[in-house]
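Please treat every number below as a calculation from the coordinates, not as lab data. Treat the numbers as computed from the prediction; the structure is a model and nothing was measured. Neighbour counts run over all protein chains shown; Cβ positions are idealised from the backbone, glycine included.
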Amino acid sequence: MPANHYFKKDNCCNENLTQREMACLAFASNGKSVKETASLLGISYATVRQYRKNIFRKLNCENMTRAIIVGIKHGLIDIRNI
């Protein structure tokens, strides 16, 4: 089965990410867990999970690994900060 089978077509950025969604994406790209991200942002675990769901929807991705790749490809994540 081809690797691209696991990912949706790369029609990135249907909608803009909010500042909090961008922060969650940035923390994830630096290896932070949902719990760590929630603590760093001073918000609940459930809120971070919702932001991640929003990121997946907006970037047309199935998981955070793919969202990070798409984020890098489209200039949402600066690889110098990873």
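Brief remarks on what is shown
- Stretching the chain fully between A46 and N81 yields a gain of 10.0 nm (0.36 nm per residue, less the alpha carbon separation).
- Over segment 16-81, Cα pairs under 8 Å with separation of 6+ residues give a relative contact order of 32 percent.
- Fewest-first ordering of Y51, Y45 by other beta carbons within 10 Å of each residue's beta carbon gives Y45, Y51.
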